[in-house]
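K.L.:
What follows is a structure written as structure tokens; I'll ask about it next.
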Amino acid sequence: MALFGPTELSADVLEEGLCVGCGACIHLCPYFATHRGKTAMLFPCSAETGRCHAYCPKTEVDLDAISRAFSGAGYTGDPIGSFRAIYAARAQKTDPAGNFQDGGTVSALMRFALESGVIDAAVLTGQQAGIPVPGIATRPEAVDSFASSKYTAAPTLSAVNDGVRQGFTRMGVVGTPCHMTALAQMRLNPTKREDYIHPVALSIGLFCTWALDARRFAALAADRAGKSDIRKIRIPPPPAGIVVIETDAGSVEVPIAKIRALVLAGCSICPDMTAEWADVSVGALEGVDGWNTLIVRTETGEDLVREAVDAGRIVTEVLPESTLAQLEGAAAAKKARALEKAHRDGRLNTTPDENRRSVLRVNADALENILSGKGKAT
Ligand SMILES: Cc1cc2nc3c(=O)[nH]c(=O)nc-3n(C[C@H](O)[C@H](O)[C@H](O)COP(=O)(O)OP(=O)(O)OC[C@H]3O[C@@H](n4cnc5c(N)ncnc54)[C@H](O)[C@@H]3O)c2cc1C
Ligand code: SF4
Ligand code: SF4
């Protein structure tokens, strides 16, 4: 992986409009900052290489290198990545009822991880006035206050960098696939710091098809719902064609076409729907309210889920075959769309003499697997 610095990060990602506001470049130094969902470089920095560039999920992401470090095997392009088990899951009903997005599995696992000492802090994403705001929870009781999905770019990883400064060494992080990609790049220690200790002991990835520009969404929500606080945003399955914004004062429906116009440009070249580099990945269970799809990928994830089930914190059931097939189809289609777009834009597997640096580096077999549609059939 080629290493560059803040000048290239600013030119290739911020100026090209590809930033997804993940926060990985924030609080590493004084130069990058986030404000109301937007990332900016405040002052020029002349460093030739930097962690900001190396961690960013929209600079060159070498999927083979990440995959080898993650599972020991190269990147195959299989739709939902490598996994050990997949379930339908939800939080145990005896847990305190919260404002969970779906089955509350994410909050239940994070609470349990804090209680059982697997992690020393949980990095989560809340919101203020419709803008996502990351935070660090150290008490299990604090986890539920972050529940529900903010369908906008969130600078969650700035809180991981803050957590390092505060001395946390075993953080748990909940995030979208781009957050998980940045964490996977951190784990590679690309700048070869001798004192590097990866500060994340548990990663819970969320399924993600797209995220919205936070400021534009906050403006739309304020226009439709007034000043009332947003409690939850729901996206009913097709053919509903709407997004429901639930506020303290009631609910408003917005046509999905209006929402799609606010999707971040960087999402169009994102090949990962199911957070392939997380210990466990969680999404909605299509068509079944109050349940999640739970993918267990690593030994850490396997231990956590088994212990959470044994302790009565979550319930798991067999995932219907048809749900898995539907998920794989959607994930394969997202991969193909992203690689085709990156290729069209000259951002896939470029060589140093080409005028654009790659955003994605994918080996030939995986590329063939994805673009031929073979992945969809698995
Ligand atoms: C931008 C986005 C797009 C999504 N797209 C899909 C999709 O296409 N298909 C699908 O099945 N599921 C999608 N999800 C996941 C889904 O909405 C739920 O988060 C998931 O099913 C977990 O539900 P839960 O009840 O267990 O979560 P909860 O227990 O309610 O916990 C939600 C957790 O999400 C974290 N969080 C909320 N917003 C963000 C954010 N913007 N960035 C990082 N972390 C956040 C909070 O810290 C909280 O811990 C998406 C989520 C997000 C944030
Ligand atoms: S995508 Fe993340 S790391 Fe890259 S510039 Fe934006 S906030 Fe920084
Ligand atoms: S689609 Fe990809 S880039 Fe966009 S928010 Fe989701 S994970 Fe991040």
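K.L.:
From the list I86, I119, I80, I136, which residue is modelled with pLDDT of 95 or more, farther than 28 Å from C267 by Cβ, more than 16 Å from ligand 2 (Cβ to nearest atom) and touching a helix residue (DSSP H, G or I) at 6+ places or on another chain (Cβ under 9 Å)?
P.N.:
Working: I86 fails: farther than 28 Å from C267 by Cβ; I80 fails: farther than 28 Å from C267 by Cβ; I136 fails: farther than 28 Å from C267 by Cβ.
Being modelled with pLDDT of 95 or more, farther than 28 Å from C267 by Cβ, more than 16 Å from ligand 2 (Cβ to nearest atom) and touching a helix residue (DSSP H, G or I) at 6+ places or on another chain (Cβ under 9 Å) holds for just one of I86, I119, I80, I136, which is I119.
K.L.:
Determine whether G74 is assigned by TED's automatic domain parsing to the domain that holds P199 and modelled with pLDDT under 95. Steps first, answer last, please.
P.N.:
On the way: assigned by TED's automatic domain parsing to the domain that holds P199: yes; modelled with pLDDT under 95: no.
No.
K.L.:
Also: Of the numbered conditions (1) within 16 Å of ligand 3 (Cβ to nearest atom); (2) in a loop (DSSP other than H, G, I, E, B); (3) touching a Cys at 6+ places or on another chain (Cβ under 8 Å), V13 satisfies every one except a single condition; which is it?
P.N.:
Failing condition for V13: (2).
K.L.:
What pairs come out if I take residues in the range 4-15 that are over 16 Å from I26 (Cα atoms) and pair them with residues that are charged (D, E, K, R) whose C-beta lies under 7 Å away, six or more apart or interchain?
P.N.:
D12/R357
K.L.:
Conditions: (1) under 19 Å from L202 (Cβ atoms); (2) assigned to a strand (DSSP E or B). A33 meets all but one. Number of the miss?
P.N.:
Of the numbered conditions (1) under 19 Å from L202 (Cβ atoms); (2) assigned to a strand (DSSP E or B), the odd one out for A33 is (1).
K.L.:
Does any residue of the range 145-153 turn out to be assigned by TED's automatic domain parsing to the domain that holds D120, over 21 Å from Q127 (Cβ atoms), at pLDDT 95 or above and in a helix (DSSP H, G or I)?
P.N.:
No: the range 145-153 contains no residue that is assigned by TED's automatic domain parsing to the domain that holds D120, over 21 Å from Q127 (Cβ atoms), at pLDDT 95 or above and in a helix (DSSP H, G or I).
K.L.:
While we're on this one: A332 - would you say it is part of a helix (DSSP H, G or I), modelled with pLDDT of 95 or more and under 24 Å from C56 (Cβ atoms)?
P.N.:
Criteria not met by A332.
K.L.:
Anything in the range 17-51 that is surrounded by 14 or more Cβ atoms within 10 Å (Cβ to Cβ) and free of Cβ contacts under 8 Å to residues at least 40 places away in the same chain? List them, or say none.
P.N.:
C25, C29, Y31, F32, A33, M41, listed by residue number.
K.L.:
State all residues of the range 103-126 that are surrounded by fewer than 21 Cβ atoms within 10 Å (Cβ to Cβ) and either within 16 Å of ligand 3 (Cβ to nearest atom) or not in a loop (DSSP other than H, G, I, E, B) (or both); if no residue qualifies, say none.
P.N.:
E115, G126
K.L.:
Same structure, new question: Counting only residues that are hydrophobic (A, V, I, L, M, F, W, C) and surrounded by fewer than 24 Cβ atoms within 10 Å (Cβ to Cβ), which one in the range 270-296 is nearest to ligand 1 (Cβ to nearest atom)?
P.N.:
A284
K.L.:
Could I ask something else about it? Which of the residues belonging to the range 238-276 are in a loop (DSSP other than H, G, I, E, B), modelled with pLDDT of 95 or more and away from ligand 3 (no atom under 11 Å from the Cβ)? Reasoning before the result, please.
P.N.:
From the range 238-276, those in a loop (DSSP other than H, G, I, E, B) are 238-241, 248-249, 261-262, 264, 270-276; that's our starting set.
Adding the requirement that they be modelled with pLDDT of 95 or more leaves 261-262, 264, 270-276.
If the condition is that a residue be in a loop (DSSP other than H, G, I, E, B), modelled with pLDDT of 95 or more and away from ligand 3 (no atom under 11 Å from the Cβ), then A261, L262 are the ones that fit.
K.L.:
Among R193, R216, R187, which is the only one that is within 16 Å of G130 (Cβ to Cβ) and either surrounded by fewer than 19 Cβ atoms within 10 Å (Cβ to Cβ) or touching a His at 6+ places or on another chain (Cβ under 6 Å) (or both)? If you could, list the steps in order and put the result at the bottom.
P.N.:
Details: R193 fails: within 16 Å of G130 (Cβ to Cβ); R187 fails: within 16 Å of G130 (Cβ to Cβ).
It is R216.
K.L.:
Identify, by number, the condition in (1) crowded, with 21+ Cβ neighbours inside 10 Å; (2) farther than 13 Å from G77 by Cβ that V315 doesn't meet.
P.N.:
(1)
K.L.:
Hey, another quick one. I want to confirm something. Restricting to the range 78-102 and keeping residues that are hydrophobic (A, V, I, L, M, F, W, C) and not in a loop (DSSP other than H, G, I, E, B), which single residue is farthest from ligand 1 (Cβ to nearest atom)? Break it down into steps so the answer makes sense when it comes.
P.N.:
First, pick out the residues of the range 78-102 that are hydrophobic (A, V, I, L, M, F, W, C): 80, 83, 85-86, 88-89, 91, 97, 100.
From the residues that got through so far, the ones that are not in a loop (DSSP other than H, G, I, E, B) too are 85-86, 88-89, 91.
Values: A85: 17, I86: 13, A88: 12, A89: 8, A91: 7 Å.
So the residue we want is A85.
The values are calculated or read from the model by the stated rules, or taken from the named source; none is laboratory data. All figures in this text were calculated on a predicted structure; none of them were measured in a lab. Please note: Cβ atoms are built from the backbone with ideal geometry, for glycine as well, and neighbour counts cover all protein chains shown.
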